[in-house]
Amino acid sequence: MKAKKIFLIIIAFSIFLTGCLPHESVENVALVNIVGYDYVDNDLVQGTISVRHFGRSKEEIPFEQFLSFTAKSMKEISSGLESKSPRPIRLGKLSLALYDERLVTEGISEIIDVLARDPHIGRDVYLGIVKGSAKEMIETKYSENETTARFLTGIVEQNERNNFPKTNLHKFLYAYYGDGIDGFLPLLKLEENEMKMDGIGVFKEDALVHEVPYSDVFTYKLLIENFNDGTQGIEIGGKTVVMDNIGSKVKYRLYGDRNNPKFSVNIKMKGMVSEITDLTAKDTYKLTDQLEKAFEHYHEEKGKRMIKQFQEKEVDPLGLGKVLKNRKGHFDKEAWEQQYPNVPVEVNVEVQIVETGISA
Amino acid sequence: MNNTNKIPVPEHLLVTSTMVFLLVHSMQVGVGILGFEKYIAMDAGYDAWISILIAGVAIHLLLFMIYWILEANGGDLVSIHTSVYGKILGGLLNIGFSFYFLLLSLTVLRTFTEIIQVWVFPQMSVWMFALAYLLLAYYFITGGLRIVVGMCLLSVILGLPLLLFKFFPIQNGQVDNVYPLVDHSINEILVSAKTSTLSFLGFELLLVFYPFIKNAASSKKWAHFASFYTTMIYLASALVAFIYYSEEQLQFVTWGTISLWKIVDFPFMQRFEYMGIALWAYVVLPNICLGLWAASRIPKRMFNIKQKYILILYMVIVFIATIRIDDRNLIDGLNTFTNQIGFYFLMYIPVLFVLTWIMKKVRIANES
């Protein structure tokens with residue numbers, strides 16, 4: 001009996017003693033919400049972070065602090081930032097990482113590696129390219145009652161639910177490491193103290209090589225994924241017609257053999273007309289056939305033109321190489337890269353206008 | 001069947017035949033499942049799902065052989081070895097098996113400690129964690145096989161909901177990746193099948209705990225169910241990993257399944273992997289218990305000494321080894337070593353099967 005008791009005590013001790021590890025509560029650490037990196041010169045990179053400090057008592061109001069440090073390597077930047085912070089910096093709550101355009105054009109493999117390696121960083125972190133300075137974007141005050149971090153993340157999140165395709169760290173790494181597919185990230189821009197989503201940057205390996213302008217983003221998203229949100233307006237005979245997407249599906253078809261592949265991208269979209277800038281137009285539902293044709297034509301042309309551009313720049317954000325690899329096998333990366341610029345790609349769009357709103 | 005060497009085990013220590021499901025399944029699923037995707041995809045790429053099925057079938061065959069051997073001989077591994085090889089050679093093989101089971105436990109414990117070090121507490125001292133864990137294991141093992149089986153039940157139930165979270169990575173993945181096209185040669189798929197069999201290691205423990213099963217004959221189907229269930233879990237895990245990661249990316253991911261949990265996102269909770277790792281502590285515990293139990297049971301049967309003393313000796317060995325193996329390279333080496341050894345032990349089962357079969361033939365011929 002006695003032995004058993006002693007034994008239980010030992011177990012209890014050993015269990016409680018495992019709790020004797022350094023632990024940190026939110027009040028004692030600096031939780032980073034945004035990091036931004038700017039190109040300084042060939043060697044140097046400037047890192048900026050936004051840190052949210054939580055109060056130790058009720059009276060202390062949580063505040064946001066911005067820190068910057070310029071150094072050569074990522075590790076040096078983080079230790080430099082640490083030297084400016086009153087509390088240890090922790091990256092666990094990171095939600096947005098920004099890179100300035102110049103840096104991204106040079107290549108960001110080193111910075112991405114830091115994010116990929118650290119077990120404390122989530123895979124749903126948003127990455128973004130900043131036209132201009134990332135530091136400036138982080139340090140601008142946008143809203144009185146929201147932190148900059150939450151505000152910026154909100155903008156990206158909201159847009160990726162609508163017209164922008166979904167991106168996050170995982171999706172970027174997927175494309176970065178994968179053969180036959182190239183990554184893309186949203187482009188952000190600071191305009192008169194307002195941040196806006198300005199398009200999409202397409203990568204070759206780890207460097208930015210191509211930009212899709214904002215006006216093409218909706219069509220781009222149609223090509224990339226299934227979704228049921230977003231709006232796009234087009235001009236028909238001098239009138240603007242706007243359609244809400246209520247459900248689009250994209251399918252890739254592959255014809256021909258491994259050496260002479262032919263792709264066709266088939267998009268089926270259901271939409272609702274939400275605006276026609278012509279009050280005299282009566283019986284809009286009678287126009288649907290005409291409108292459907294117009295939208296189909298618009299997206300097909302845009303899609304084809306966009307893919308042509310990708311082929312010219314030799315980037316493959318649609319992952320056509322991956323489709324070929326998955327469906328035909330024996331994928332030869334070099335041969336594919338040779339043939340990619342001349343591979344025929346068709347775009348077929350089928351638009352069905354389901355409703356035209358509650359006024360005729 | 002002529003159960004000539006039947007080992008008497010008191011009624012109150014027996015486990016019902018249904019429990020064999022838990023014993024086999026929970027020993028098969030351990031730390032391996034957290035990172036096996038990378039290794040099976042190394043040779044066969046995305047076609048590795050076929051390899052898992054091949055390995056699953058092979059395991060069913062081996063299970064069939066084990067049951068045949070056990071039923072033909074009665075008794076357990078020790079008595080079978082003695083009757084097939086005699087005292088000395090049989091004894092050596094028994095010791096070999098004992099150390100092998102010990103090695104299984106060590107690998108599981110050390111790998112799980114590493115996961116905690118890398119993912120959760122980098123500053124944690126290994127010996128403290130290992131000591132706490134081993135003491136816990138000691139507590140269960142001295143309670144007897146029935147207590148360990150209870151722990152297995154807990155681990156299976158706790159591990160189940162984790163499967164539901166595979167839904168999140170599928171949402172973020174490309175289903176096109178698992179397009180049913182076989183792109184690799186049969187050879188490559190077989191190499192990968194060999195790698196996958198290692199995920200199923202542990203069912204050979206049946207050789208040791210067989211005498212503890214009540215109505216052993218009716219436990220056969222449960223063992224096969226368990227093995228089938230494990231195959232399905234591995235298949236599902238592999239397919240989800242293939243959908244979520246691109247083929248080349250997978251080679252950069254050390255623990256595929258844990259990294260998958262990272263994408264799980266609830267409004268009230270992020271970073272699900274910490275939860276998953278914590279729950280996995282329960283999945284790993286019966287694994288270590290069963291391994292140590294079987295390892296210490298063999299010498300007890302051979303030399304008739306108290307199992308407790310051997311258990312303590314073995315635990316000290318595991319404890320010291322856990323502390324001495326202290327970096328990624330060594331741990332990786334330990335895993336590779338265990339897998340190699342494990343494969344040979346699996347290959348040994350058909351050999352034993354053939355020998356038992358011949359012996360039985362000879363015996364029948366002599367009797368008539």
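The values are calculated or read from the model by the stated rules, or taken from the named source; none is laboratory data. Computed from a predicted structure; not experimentally measured. Here the Cβ positions follow ideal geometry from the backbone for every residue, glycine too, while neighbour counts run over all protein chains shown. Accessible surface is based on the protein model in full, side chains and every heavy atom, while ligands, DNA and RNA are left aside. Shrake-Rupley method; radii C 1.70, N 1.55, O 1.52, S 1.80 Å.
For the reader, a short list of remarks on this structure follows.
- Set A:GLU64, A:GLU60, A:GLU27: member being in a helix (DSSP H, G or I), at pLDDT below 85 and closer than 22 Å to A:ASN145 by Cα: A:GLU27
- Comparison of B:ILE243, B:ILE233 shows that the only residue that is modelled with pLDDT of 90 or more, within 13 Å of chain A (Cβ to nearest Cβ) and open to solvent by 10 Å² or more (accessible area, probe 1.4 Å) is B:ILE243.
- So A:GLU300, is it under 25 Å from the mean Cα position of the chain (by Cα), of a type outside the set (Phe, Trp, Tyr) and open to solvent by 40 Å² or more (accessible area, probe 1.4 Å): yes
- Residue count for the range B:307-323, restricted to those that are within 13 Å of B:THR113 (Cα to Cα) and open to solvent by less than 50 Å² (accessible area, probe 1.4 Å): 4.
- Residues that are of a type in the set (Phe, Trp, Tyr) and either outside any helix (DSSP H, G or I) or under 19 Å from B:ARG110 (Cβ atoms) (or both) within the range B:264-303 comprise B:PHE266, B:PHE268, B:PHE272, B:TRP280, B:TYR282, B:TRP293, listed in sequence order.
For every residue, the table says whether it meets (1) touching a residue at least 40 places away in the same chain (Cβ under 8 Å); (2) of a type in the set (Lys, Arg); (3) within 14 Å of chain B (Cβ to nearest Cβ).
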| position | (1), (2), (3) |
| --- | --- |
| A:HIS170 | yes, no, yes |
| A:LEU173 | yes, no, yes |
| A:GLY180 | yes, no, yes |
| A:LEU185 | yes, no, no |
| A:VAL202 | yes, no, no |
| A:VAL212 | yes, no, no |
| A:LYS221 | yes, yes, no |
| A:ASP244 | no, no, no |
| A:SER264 | yes, no, no |
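- Selection status of A:GLY303, out of contact with any Asp or Glu (no Cβ under 6 Å at 6 or more places or on another chain), within 14 Å of chain B (Cβ to nearest Cβ) and under 17 Å from A:ASN226 (Cα atoms): no
- Qualifying residue in the range B:22-35 (condition: surrounded by 17 or more Cβ atoms within 10 Å (Cβ to Cβ) and over 20 Å from the mean Cα position of the chain (by Cα)): no
- Qualifying positions in the range B:45-80 - touching a Leu at 6+ places or on another chain (Cβ under 7 Å) and aromatic (Phe, Trp, Tyr): B:TRP49
- In the range A:124-134, the residues that are within 14 Å of chain B (Cβ to nearest Cβ) and open to solvent by 30 Å² or more (accessible area, probe 1.4 Å): A:ASP124, A:TYR126
- For the criterion of being on the phi < 0 side of the Ramachandran plot, within 14 Å of chain B (Cβ to nearest Cβ) and either touching a residue at least 60 places away in the same chain (Cβ under 8 Å) or charged (D, E, K, R) (or both), A:LYS308 fails.
- Scanning the range A:102-114 for residues being buried (at least 19 other Cβ atoms within 10 Å of the Cβ), more than 12 Å from chain B (Cβ to nearest Cβ) and closer than 15 Å to A:TYR177 by Cα gives a total of 2.
- Filter result for A:GLU312 (more than 17 Å from A:PHE218 (Cβ to Cβ) and either acidic (Asp, Glu) or in contact with a Lys or Arg (Cβ under 9 Å, 6 or more places away or on another chain) (or both)): yes
- Some residue of the range B:328-340 being under 22 Å from B:VAL29 (Cβ atoms), among the basic types (Lys, Arg) and modelled with pLDDT under 90: no
- Members of the range A:37-55 that are in a strand (DSSP E or B) and touching a Lys or Arg at 6+ places or on another chain (Cβ under 6 Å): A:ASP38, A:TYR39, A:THR48
- Annotation for the range A:337-347: no member residue is closer than 17 Å to A:PHE218 by Cβ, part of a helix (DSSP H, G or I) and open to solvent by less than 70 Å² (accessible area, probe 1.4 Å).
- B:LEU61 surrounded by fewer than 17 Cβ atoms within 10 Å (Cβ to Cβ), over 24 Å from B:THR111 (Cα atoms) and at pLDDT 90 or above: yes
- Residue among B:GLY159, B:GLY144 that alone is open to solvent by less than 40 Å² (accessible area, probe 1.4 Å), more than 28 Å from A:LEU169 (Cα to Cα), more than 14 Å from chain A (Cβ to nearest Cβ) and of a type outside the set (A, V, I, L, M, F, W, C): B:GLY144
- Filtering the range B:250-262 for residues that are under 30 Å from B:ILE80 (Cα atoms) and either in contact (Cβ under 8 Å) with a residue 12 or more places away in the chain or at the interface with another protein chain (Cβ under 10 Å from one of its Cβ atoms) (or both) leaves an empty set.
- Check on B:GLN270, facing chain A (nearest Cβ under 9 Å) and in contact with a helix residue (DSSP H, G or I) (Cβ under 9 Å, 6 or more places away or on another chain): no
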